[in-house]
Amino acid sequence: MPAEADPIPLSALQHWAYCPRQCALIHLEQAFDENVHTLRGQAVHARVDKPGVETAKGVRVERALPLWHDELGLVGKADVVEFLPDGTPYPVEYKHGSRHKATAIAACDDVQLAGQALCLQAMTGHVVNEGAIYYASSKRRRVVPITPALREQVAHTAQAVAHMLRSGILPAVLPPDLAAQRCKACSLIDRCQPQAVAAQVQAARAALFDPDR
């Protein structure tokens, strides 16, 4: 990434994986609205957002640890990082909801966690092959292997977000199958107006390819 480019927040990886248009509204247009889901998320992070270090069962635990990756152009912080006895970091991302969250949505969280893992690896020199998502509602962890495919997805997502920020172009709305799953829970649905935008696109395409017009 060019040196003059602004760093990409780690949270943007999850936003882009969930919906590129949502990512652009938040990180390009600086738009953010609250709903029950965002408020629950803030409540979950109330403790881990406070920096601190403690030792639990012989494991050093750091909260709100600043992270960065110069090559990928990423910056942010980890909710919790547990340092194993050999110094290997183990990132833990806190999310509201249950461990049985829909697979497609959970996969978006995995991209953000993998971004944290790559930052920690670059910062410490220790290979990070695993992390976990902690779900507040079920109070359970889901272990996430940091696979080669997930590492590649982080790199591609970071590139896509960087391109979007440089271009200043708002991505299209999600296709109908994904929109049905994700738009209802999005706090930016009123700003985005996915149904209205989709209708305008459909009408424009109909006019373009209608030989009688």
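The values are calculated or read from the model by the stated rules, or taken from the named source; none is laboratory data. Computed from a predicted model, the values in this text were never measured in an experiment. All Cβ positions, glycine included, derive from the backbone under ideal geometry; neighbour counts span all protein chains shown.
Taking segment 136-156, which residues are modelled with pLDDT under 95 and either among the hydroxyl-bearing types (Ser, Thr, Tyr) or within 21 Å of TRP16 (Cα to Cα) (or both)? Once the filter is applied, which keeps residues that are modelled with pLDDT under 95 and either among the hydroxyl-bearing types (Ser, Thr, Tyr) or within 21 Å of TRP16 (Cα to Cα) (or both), segment 136-156 yields SER137, SER138. Would you confirm whether or not segment 125-142 contains a residue that is surrounded by 19 or more Cβ atoms within 10 Å (Cβ to Cβ) and among the aliphatic types (A, V, I, L, M)? Looking for residues that are surrounded by 19 or more Cβ atoms within 10 Å (Cβ to Cβ) and among the aliphatic types (A, V, I, L, M), one finds at least one in segment 125-142, hence yes. Residues in segment 137-163 that are out of contact with any Lys or Arg (no Cβ under 7 Å at 6 or more places or on another chain) and either under 15 Å from LEU72 (Cα atoms) or small (Gly, Ala, Ser) (or both): 16 in all.
Here GLN159 does not fit the description of being surrounded by 11 or more Cβ atoms within 10 Å (Cβ to Cβ) and at pLDDT below 95.
Could you tell me which residue of segment 84-132 is farthest from ARG182 (Cα to Cα), considering only residues that are assigned to a loop (DSSP other than H, G, I, E, B) and among the hydroxyl-bearing types (Ser, Thr, Tyr)? Give the steps one after another, and end with the answer.
Going residue by residue through segment 84-132, those that are assigned to a loop (DSSP other than H, G, I, E, B) are 84-88, 96-102, 125-129.
From what's left, among the hydroxyl-bearing types (Ser, Thr, Tyr): 88, 98.
Details: THR88: 35, SER98: 17 Å.
So the residue we want is THR88.
Of the residues making up segment 147-177, those that are over 15 Å from the mean Cα position of the chain (by Cα) and among the β-branched types (Val, Ile, Thr) are THR147, ILE169, VAL173. Of the residues in segment 108-127, at least one is touching a residue at least 40 places away in the same chain (Cβ under 8 Å) and more than 20 Å from ALA12 (Cβ to Cβ). Would you please list the contacts, defined by Cβ atoms under 8 Å and residues six or more apart or on different chains, that run from a residue in segment 174-187 that is touching a residue at least 40 places away in the same chain (Cβ under 8 Å) to a residue that is part of a loop (DSSP other than H, G, I, E, B) and charged (D, E, K, R)? Every condition considered, the pairs that remain are SER187/ASP33; SER187/GLU34.
Report, by residue number, each residue of segment 91-135 that is over 15 Å from the mean Cα position of the chain (by Cα), modelled with pLDDT of 85 or more and among the hydrophobic types (A, V, I, L, M, F, W, C). Hits for segment 91-135 are LEU120, ALA122, MET123, VAL127, VAL128. Can you tell me how many residues in segment 67-77 are in a strand (DSSP E or B) and either on the phi > 0 side of the Ramachandran plot or in contact (Cβ under 8 Å) with a residue 60 or more places away in the chain (or both)? Matching residues across segment 67-77 total 5. Taken over segment 162-177, the residue count meeting the criterion of being of a type outside the set (A, V, I, L, M, F, W, C) and assigned to a loop (DSSP other than H, G, I, E, B) is 3.
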